[in-house]
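Below: the structure, in structure tokens.
Computed from the coordinates by the stated procedures, all read-outs in this text should not be read as laboratory data. Since this is a predicted model, take the numbers as computed values, not measurements. Cβ: placed from backbone, ideal geometry, glycine included. Neighbour counts: every protein chain shown.
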Amino acid sequence: MTVAQRIVELKSNIPPNVTLVAVSKTKPIELILEAYQSNHKIFGENKVQELIAKYEALPKDIEWHLIGHLQSNKVKFIASFITLIHSVDSFKLLVEINKEAKKNNRIINCLLQIYIAKEDTKFGLSETEAIELLKNSEFTTMHNINIVGLMGMASNTDNIDIVKNEFKSLKLFFEKLKKEFQIKSNLNLSQISMGMSSDYKIAIEEGSTMIRVGSSLFGER
Ligand SMILES: *Cc1c(COP(=O)(O)O)cnc(C)c1O
């Protein structure tokens, strides 16, 4: 099967309310163009430099999502075109995104990355830190960002119960935030980005609205 065929097949097997982010990191421009032939327009990258090179080389109607850790000093390179930043993990980063979005006369959609895995190698906010961020009085003055939901990565394990419970905890926290925080112009919680090649089926069962799938579409990296 070609990558375009795999995308079409995957999309036909997920519910219509679940968005597929095709994770193209490390994969060449030609392969992304092939994927694009399936009429798929949403791609995810985890490194700023690679993202910029691909943005410049590829059709401008592609919606680019940043899924990897973002350093504050690199926000300026993507602020003019990025569609969704999945990996907001500090207040400082959010301040910077707001500043650069303003310069570009844009509102940038963001997800708060929540730490749900047992492993301590993953980036993200604890639940307490996420609540503190949303309660920060400066947050209400940030008119050029829009927090549209949460992102989480489950532990890299074959143990389905662990993965399931981590996704459950993210969904639970999402519901809690929706209850606790009113919708604001810059806070509209509607998306839960969870699920990758190995665990997207479990993630969808647990309430994911956005899956980030790389290797099972594009091949191993
Ligand atoms: C690489 C990556 C993915 C995709 O992983 P696959 O196992 O290739 O599907 C999803 N999310 C993040 C944050 C990633 O870095």
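Computed from backbone phi, the HN-Hα couplings of the range 138-153 come to 5, 4, 5, 8, 8, 8, 10, 10, 9, 7, 9, x, 10, 10, x, 10 Hz, rounded to whole numbers (Karplus: 6.51 cos²θ - 1.76 cosθ + 1.60, θ = phi - 60°; Gly and Pro given as x).
Among ARG221, ARG212, sorting on how many other beta-carbon atoms sit within 10 Å of each Cβ, with the fewest leading, yields ARG221, ARG212. Under the Kirkwood approximation for Rh and a Cα-based Rg, what ratio Rg/Rh is obtained for the chain? My calculation of the ratio gives 0.95.
Count Lys and Arg as plus one, Asp and Glu as minus one, and take only other residues whose Cβ is under 13 Å from that of GLU96; the net charge is then +3. Counting only DSSP beta bridges with both residues in the chain, the antiparallel share comes to about 5 percent. Holding the Cα-Cα limit at 28 Å, pick out from LYS102/LYS184; LYS74/LYS178; LYS103/LYS176; LYS25/LYS118; LYS60/LYS178; LYS74/LYS135 the pairs that are longer than that. Over 28 Å apart, Cα to Cα: LYS74/LYS178; LYS103/LYS176; LYS60/LYS178. Taking the centroid of alpha carbons for each part, the range 67-110 and the range 150-190 are 21 Å apart. Taking other Cβ atoms within 10 Å as a rough exposure proxy, LYS179, LYS54, LYS99 sort from fewest to most as LYS179, LYS99, LYS54.
Here the Debye sum runs over all C-alpha atoms of the range 66-142 as equal scatterers in vacuum, and log10 of I(q)/I(0) at q = 0.17, 0.20, 0.25 Å⁻¹ comes out as -0.64, -0.86, -1.24.
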